[in-house]
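The values are calculated or read from the model by the stated rules, or taken from the named source; none is laboratory data. Worth saying up front: this structure is predicted, and the values here are computed from it rather than measured. Because the Cβ atoms are built from the backbone with ideal geometry, glycine has one as well, and the counts that use them run over all protein chains shown.
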Amino acid sequence: MTRFLKFICSKKTFSLLAGSVGIVFFVTGCQTGSRPPVTGWTPGKNEMEIKTPYLIRTMEKNGMDALGEEPVTRYTVKAYYPEYAAQQFIPLNEEIHAYVKAKVDDFTDVMLAGSYTKAFPQDSQSSMTLDFTPSFQSKHFVSLVFEGYEQTPALPKGFRYYKSFNYDALNDKFFTLADCLVGESELEKLAGIMAERLAEQNPDLTEENIRAGTDVEFPENYETFILRPGELTVIFQPRQLGRKVKNSISVTVSFSEIAVQPMIMDLLGYESPEAQPHLEPEEETEENQQNIPYDPATPTE
């Protein structure tokens, strides 16, 4: 967004542009399938079935140039976001709404500034889309990720960005990745696993880029993550691992590889295999032999 503002402020000419901006809110049902897919990121194959009810809200804005003979659409904005029905998720709803509104307002402010200063050509069209993908939901916990896409004359090829929410309704807490692990040493261990996986899966990445993108000294490296029973996934933003990396990269790590807080496993309804009781086969004795049901087809002595 800073590049947008620099691009706009470099222009010194102003024009009297009359514009009309409309905001429309819709409720479109309770299932993700009721809206057209606009995101390119999807969870892994172990995606859980979504059972927690929520409404899908839509925030839209359209900016039109009214100086010509006929109004011309200069930009369009469409953002989808969930609104959870359960009362315990009200703080999450407020955070999500504030995030979506801030992104939409930021984009439209740039569009208005670009139009007034003539930084954007008169025939240019810009767009913004924002959508979400649930990762895991239960009665008291939600993990989801937003994917945004913006295309403007300043960045004609467009760019994507991601934002995750991991909310514990029981304790009214938004988790960071460090909150989910047992101590700082586990975060450093996770960083090592991330670096190793990134090097294996993306041979074009340099050691310097991987080291910078996974450094635990920079909390923003691990801001975007989602949780599912038995695993967590860290999403690296486009260009986070180097200027030439234009797409997001995600790395999934199993709970068996790192020490996760017991509270997190409880919220996810996950029990590690090590914690499950191991039943040894029962030895055959005269007593349990006498309890075997009689089968007429079995020959007797």
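If you scan the stretch 118-136, which residues turn out to be in contact with a Phe, Trp or Tyr (Cβ under 8 Å, 6 or more places away or on another chain) and in a strand (DSSP E or B)?
Result: 126, 127, 128, 129, 130, 131, 132, 133.
Would you say residue 145 is crowded, with 22+ Cβ neighbours inside 10 Å, touching a residue at least 12 places away in the same chain (Cβ under 8 Å) and under 18 Å from the mean Cα position of the chain (by Cα)?
The answer is yes for residue 145.
Could you check the stretch 109-132 and list, in sequence order, the residues that are touching a residue at least 60 places away in the same chain (Cβ under 8 Å) and surrounded by fewer than 20 Cβ atoms within 10 Å (Cβ to Cβ)?
Hits for the stretch 109-132 are 112, 113, 116, 117, 118, 129.
Under 8 Å by Cβ, and 6 or more places apart or on different chains, what pairs join a residue from the stretch 159-185 that is within 19 Å of residue 252 (Cβ to Cβ) and without any contact (Cβ under 8 Å) to a residue 60 or more places away in the chain with one that is in a strand (DSSP E or B) and not acidic (Asp, Glu)?
Sorted first by the residue in the stretch 159-185, then by its partner, the pairs are 177/225; 177/232; 177/234.
Quick check on my filter: what residues within the stretch 75-117 are among the hydrophobic types (A, V, I, L, M, F, W, C), in a helix (DSSP H, G or I) and closer than 19 Å to residue 167 by Cβ?
The answer is 89, 90, 92, 96, 98, 100, 102.
With (1) at negative phi; (2) touching a residue at least 12 places away in the same chain (Cβ under 8 Å); (3) not assigned by TED's automatic domain parsing to the domain that holds residue 125 as the list, and residue 217 as the residue in question, which single condition is left unmet?
Answer for residue 217: the failing condition is (2).
Going through the stretch 161-192 one residue at a time, which ones are more than 15 Å from residue 223 (Cβ to Cβ) and basic (Lys, Arg)?
Within the stretch 161-192, 173, 189 meet the criteria.
Does at least one position in the stretch 66-74 carry a residue that is of a type outside the set (Val, Ile, Thr), at pLDDT below 90 and assigned to a strand (DSSP E or B)?
yes
Without any contact (Cβ under 8 Å) to a residue 40 or more places away in the chain, aliphatic (A, V, I, L, M) and under 30 Å from residue 249 (Cβ atoms): which single residue out of 154, 98, 79 fits that description?
Sole residue among the options that is without any contact (Cβ under 8 Å) to a residue 40 or more places away in the chain, aliphatic (A, V, I, L, M) and under 30 Å from residue 249 (Cβ atoms): 98.
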